[in-house]
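First comes the structure, then the notes that go with it.
Read-outs: derived from the displayed coordinates by stated rules, not from any lab. Just so it is clear, the structure is predicted and the values come from calculations on it, not from any experiment. Don't worry about glycine lacking a Cβ; one is built from the backbone with ideal geometry, like all the others, and counts go over all protein chains shown.
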Amino acid sequence: MSYYTAKYIFHEEGLKMNRQQFLAELNQYLTFFSPEERVRVVSAYNEKFDSAGLENEFALIAELGTPMKTAIDLKRRMESGEKIALAADPEAREEAAPSEYNVETEPEETLNATSEAQEAVAEDLPVASQEAASEELPVVPQETVAETVSEVPSEVAPEIPVYEAPQKEKPSEYYEENKTSRKISVGGIIGATLLSIVIVAVCLVVAAVGVIFLVGMSYLLLTGLKNLLYITDALLLFGGGLVCAGLGLLIIWFAVWAAISLISKLFRSAIRTGSDKECVA
Amino acid sequence: MKNIWKVVLLVSLILCVAGLICGAVSYLMGGSLDNLYQNKTALPVLEMLSPLNILNSITAFFGV
């Protein structure tokens, strides 16, 4: 077994998240981007991994943090209007994507073929088929893997980067911070609820004015129909009724729109405050 | 939301313009508000929809 195969196995077995998993998970979190932008963002990160090289892949993942954290950072940057570096040509990226995800391996190796086949099956087939496929594929024992890793010559692979998962130094403080942030977010939501009641009341008053206009419209139109003999009076009544209808419609929609947008913004900001604190914690 | 705003604004604009056209035609034909207030059928409705009457109704409703 070659150095590359051994390295691949080492990464797969010894580390928590590799490049593929990171990009796949990041892609899932980027729902706030359009599909095209999402492809470009993922391509940009792919480029980043390419430039970092296979050696520094896990160091880069450690630097970026979790995919969720990366996605939150991207969202904040997008909301603040900061320009996000995207890949230049998404179509070219899409075409090149399969080769970028490949890890250098030797095709004749049984283990490599097994892992690739398992990945392909996992991506393409439904669950029942996946189970059947995994039963059919030969399983490489862990001892073989360990032997293979130990057999890697030191002159070929002088340093294999070891990824160490960041450990939380003071878990008790972390939980205390989380508790505080949860209290803050609950307080924010209660405040937002109270404020939203006031907003709803104001908007109901505005909507009532609009309803008065609509009622006036109906009375004017009916009276106009009764006065069709006096055409000038009827036209004036129809005209007044139509203007009332236009204004009433506008006022009612304004009340509904103001209520929806203000309340949603209020709750969004309250929830964001809570989640920000959690992120900081 | 933006699409709904567009539709509402367009409909309101059409209604208001139609109302103004009706008023203008009536005025050109010799109609006026004074004549309208002398119409016995229209008078109760006009009095009911007068801003003063609406304010009185609201204050009476809230018991002020």
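Assorted remarks:
- Of A:83/A:265; B:6/B:40; A:226/B:6; A:83/B:2; A:69/B:6; A:69/A:265, pairs whose Cα-Cα distance is over 31 Å: B:6/B:40; A:226/B:6; A:69/B:6
- Using a simple spin-label model with pseudo-atoms 7 Å out from Cα toward Cβ, residue A:215 and residue B:21 lie 3.0 nm apart.
- The modelled label-to-label distance between residue B:14 and residue A:267, using points 7 Å beyond Cα along the C-beta direction, is 3.4 nm.
- Put in line by how crowded their Cβ is, counting other Cβ atoms within 10 Å and starting with the fewest, A:32, B:62, A:58 read B:62, A:32, A:58.
- Within 10 Å of the Cβ of each residue in B:38-47, the mean number of Cβ atoms contributed by other protein chains is 5.
- Filtered trypsin sites (Lys or Arg not before Pro), chain B: DSSP coil and at most 12 other beta carbons within 10 Å: B:40
- Order by protection proxy (mean Cβ within 10 Å, highest first), peptides A:18-30, B:27-39: A:18-30, B:27-39
- Ordering A:243, A:198 from the fewest to the most neighbouring beta carbons within 10 Å gives A:198, A:243.
- For the stretch A:55-60, Karplus couplings with θ = phi - 60° (6.51, -1.76, 1.60), whole Hz, Gly/Pro x: 5, 9, 4, 7, 5, 5
- Taking the fewest neighbouring Cβ atoms within 10 Å as the starting point, the ordered list for B:26, B:12, A:80 is A:80, B:12, B:26.
- Calculated FRET efficiency, residue B:3 to residue B:33, Cβ-Cβ distance, R0 = 45 Å: about 0.75 to the nearest 0.05.
- Solution diffusion estimate, µm²/s, Stokes-Einstein, chain B, Kirkwood Rh from C-alpha pairs, 4 °C, viscosity 1.567 mPa s: 88
- Note on B:28-36: average number of Cβ atoms from other chains within 10 Å of each residue's Cβ is 4.
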